[in-house]
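Contents: one structure, followed by commentary.
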Amino acid sequence: MRASTRVIWTVSVLMLAAVSEAIFPLPFLPFLPGFNNGFRDNNAAVKVAKPVAPGAVGKAGGRRRGGAPEAQTNWAGKWELFLENSGVSAMHAILMPVINQVQFYDATIWRISKIKLPPGVPCHVVNAKTNRIDCWAHSVLVDVNTGAIKPLSVCIPLITIHNNMISFGLCMIKYDLHLQLSTDTWCSSGGLTINGTLVSTGGYGGGANTVRYLAACKDCGWVEYPQALAAKRWYSTQATLPDGNFFVIGGRDALNYEYIPAEGQNNRKLYDSLLLRQTDDPEENNLYPFVWLNTDGNLFIFANNRSILLSPKTNQVIKEFPQLPGGARNYPGSGSSALLPIHLYVKNPKVIPAEVLICGGSKQDAYYRAGKKVFEPALQDCARMRINSAKPRWKTEMMPMPRVMSDTVILPNGDILLVNGGKRGCSGWGYGKDPAFTPILYKPRAARGKRFRELAASTIPRMYHSIAIALPDGKVLVGGSNTNDGYKYNVEFPTELRVEKFSPPYLDPALANLRPKIVNNATPKQIRYGQNFNVKVDLNQKDVTKENLKVHMLAPSFTTHSISMNMRMLFLGIVGVNPAGAGSFEIQTVAPPNGNIAPPGYYLIFAVYKGVPSIGEWIQIV
């Protein structure tokens with residue numbers, strides 16, 4: 001039964017889950033000197049490369065280490081306006097599987113957007129005593145191909161009692177006893193279940209303990225459980241575990257973590273986090289920590305400038321990593337991060353390497369100084385570390401420009417796109433300056449010193465509350481930007497409702513003939529761990545081999561506040577590539593070995609020829 005069709009609420013639950021109407025602004029945090037380091041200071045374990053001059057890499061091609069030559073192009077990409085008005089400012093975004101619709105939602109606390117709830121959908125009741133209502137949508141589904149927008153109501157079923165009769169509705173006050181809840185999604189977290197249902201956690205005020213569900217289907221709606229979490233989670237991070245369940249950590253005044261219970265249940269058990277306690281500085285700087293599932297099933301957790309490896313089975317810290325010096329990387333310092341693509345083989349080693357990338361951020365006291373109208377330059381470094389190494393250490397290079405509040409997107413060919421953000425200040429309302437219009441392409445497999453390339457610039461500032469996600473067609477959807485308390489337009493950085501698509505260099509029209517096409521009806525829709533399976537592609541080329549035709553799998557990310565939760569790319573092992581007649585080829589490949597490598601659920605599968613990816617098709621690991 002779909003979550004959207006379940007009616008499980010009782011009047012007692014609604015009474016306990018009443019949402020506070022109090023509205024508190026982001027607190028001003030006075031600067032205090034110093035804080036307890038706690039962890040080892042291993043600055044000596046950091047290597048720094050010389051800065052790369054802007055434009056130093058002139059081509060997006062060349063031979064990668066351990067790979068076949070890539071197609072070469074000087075094309076810097078292209079921007080196109082996809083939507084003039086998304087209706088809802090894209091504070092949070094995720095690509096919903098199979099239906100190919102992106103979910104945008106903002107903060108219900110603003111009580112306004114640019115799109116009304118559709119006819120027949122009752123308004124949100126803001127205050128039952130005054131009959132104050134909110135008829136604006138705060139959640140929309142956007143079709144990534146047509147741009148069609150479907151507004152949704154973020155609310156839970158309403159139970160109304162009248163003349164001793166109980167009736168079930170949505171959100172409108174009509175009778176003598178009124179109980180309505182619509183918990184605030186502001187600064188929440190999220191991820192996808194094995195069946196493609198969005199699970200959203202936390203938020204503001206009465207939404208901080210909430211777990212919400214939105215199934216990926218045409219007529220599905222939100223279902224909320226306002227007391228499901230044991231702690232209030234505002235600016236927290238959600239991560240998918242090897243069995244498909246969820247872990248959630250951090251948030252304002254929540255120096256702990258917990259495991260999300262089954263739908264309809266409430267969790268009461270918390271686990272203290274020493275890492276969060278020891279990285280909680282005067283500006284916080286450890287909100288929205290980076291969390292990546294390691295290939296051994298443990299969780300890499302980075303907060304502020306330090307990181308650990310945590311076992312979700314024993315809740316023990318297995319490893320402490322060297323400190324990353326230079327400044328703060330998490331909100332409001334707001335660098336961005338990615339787990340670099342995981343390389344798999346037909347027969348995998350016992351320990352499968354995993355490498356984390358962290359780029360940009362701000363100085364430790366940037367939030368305090370921005371509050372005084374002093375906007376310091378953002379950090380310019382990109383650091384990466386092999387987290388399964390016996391002696392892990394950060395290796396640092398300099399980006400072409402400083403960057404804070406950027407979004408990190410793994411592209412279908414395995415390259416990394418850094419887009420959005422600013423060059424000075426930090427996250428927060430009006431706390432960032434000098435928009436970074438120019439995206440940066442980072443090629444993780446290129447030789448050191450040749451990894452960065454500046455691409456075509458956008459004309460739209462994308463500051464605080466921006467998003468970027470990879471689409472099945474290989475483009476990147478870029479939206480959001482609202483550094484204001486509410487929807488405001490006559491300001492330095494107006495609330496941004498325009499949505500763009502960016503075409504990376506591999507979509508150069510001159511490379512169109514190199515682009516494979518997956519034959520949909522000849523490729524499985526479901527696979528099991530370790531299964532051998534075939535991906536059939538149409539590709540009118542003569543030199544097609546298993547060295548230059550690959551299969552990649554990309555897990556969709558939940559993106560908000562410069563963090564891309566659960567973003568994951570797998571390079572599958574290739575058994576062989578065989579001609580299948582009439583310009584077609586059959587790629588014999590092997591599914592990931594277990595949930596440590598790839599949690600169960602939906603992925604976009606791409607065929608990639610000489611660095612040029614096909615359109616992605618949905619495949620599910622079950």
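State the percentage of accessible surface on the stretch 419-484 attributable to carbon and sulfur atoms; use a 1.4 Å probe and exclude ligands, DNA and RNA.
Carbon plus sulfur share of accessible area: 51 percent.
For 132, 515, write out the residues from largest to smallest accessible area, computed with a 1.4 angstrom probe and no ligands counted.
132, 515
Trypsin sites (Lys or Arg not before Pro), restricted to the stretch 254-294: which are DSSP loop and have at most 16 other Cβ atoms within 10 Å?
Listed in order of number, the matching sites are 268, 269.
Would you mind calculating the gained length between residue 351 and residue 194 on full extension (0.36 nm times residue separation, minus the Cα-Cα distance), in nm to one decimal?
This chain segment gains 54.0 nm when fully extended.
Before I look further, what does the stretch 188-320 give for accessible area per residue, probe 1.4 Å, in whole square angstrom?
I get 29 Å² per residue for this part.
I'd like to know which of 122, 449, 200 lies farthest towards the positive end of the charge dipole of the stretch 78-507, counting +1 on Cβ of Lys and Arg and -1 on Cβ of Asp and Glu.
449
Restricting to Cα pairs below 8 Å that are 6+ residues apart, what does the relative contact order work out to for the stretch 78-507? Please round to a whole percent.
With pairs under 8 Å counted, the relative contact order is 12 percent.
Once phi is turned into θ = phi - 60°, what whole-Hz ³J(HN,Hα) does the Karplus curve with 6.51, -1.76 and 1.60 give for every residue of the stretch 221-226, x standing for Gly and Pro?
x, 6, 10, 10, 10, x
Just subtract the alpha-carbon distance of residue 80 and residue 148 from 0.36 nm times their residue separation and send over the number in nm, one decimal.
Between residue 80 and residue 148, full extension yields 22.8 nm more.
Could you give the length gained by full extension between residue 319 and residue 456, i.e. 0.36 nm per residue of separation minus their alpha carbon distance, to one decimal place?
Fully extending the segment from residue 319 to residue 456 adds 45.3 nm.
Among 289, 187, 149, which residue has its Cα positioned farthest towards the positive end of the charge dipole of the stretch 78-507, with +1 placed on the Cβ of Lys and Arg, -1 on the Cβ of Asp and Glu, and the dipole taken about the Cα centre?
289
Enter the accessible area of residue 538 (Å², nearest 10), with the probe set to 1.4 Å and all protein chains included.
Solvent-accessible area, nearest 10 Å²: 60 Å².
For the pairs 395/542; 232/525; 78/550; 313/501; 150/488; 363/450, flag any whose C-alpha to C-alpha distance is greater than 32 Å.
Flagged as over cut-off: 395/542; 232/525; 313/501.
Roughly how many Å² is the accessible area per residue of the stretch 565-622, as a whole number, for a 1.4 Å probe?
On a per-residue basis, the stretch 565-622 sits at 24 Å².
Given the whole protein assembly as supplied and a 1.4 Å probe, what does the accessible area of residue 491 come to in Å², nearest 10?
Roughly 60 Å² of residue 491 is accessible to a 1.4 Å probe.
With all protein chains present, calculate the accessible area of residue 317 using a 1.4 Å probe and round the result to the nearest 10 Å².
80
On the protein heavy atoms, probe 1.4 angstrom, tell me the percent of accessible surface of the stretch 512-621 carried by carbon and sulfur.
47
With a cut-off of 8 Å between alpha carbons and a minimum separation of six or more residues, what is the relative contact order of the stretch 512-621 in percent?
Averaging sequence separation for qualifying contacts and normalising by length gives 36 percent for the stretch 512-621.
Per residue, how many Å² of accessible area does the stretch 343-422 show with a 1.4 Å probe?
On a per-residue basis, 36 Å².
The values are calculated or read from the model by the stated rules, or taken from the named source; none is laboratory data. Because the structure is a prediction, the values reported are computed rather than measured. Glycine gets a Cβ as well: all are built from the backbone with ideal geometry, and neighbour counts include every protein chain shown. We work out accessible area using only protein heavy atoms, side chains counted, and drop any ligands, DNA or RNA first. Shrake-Rupley method; radii C 1.70, N 1.55, O 1.52, S 1.80 Å.
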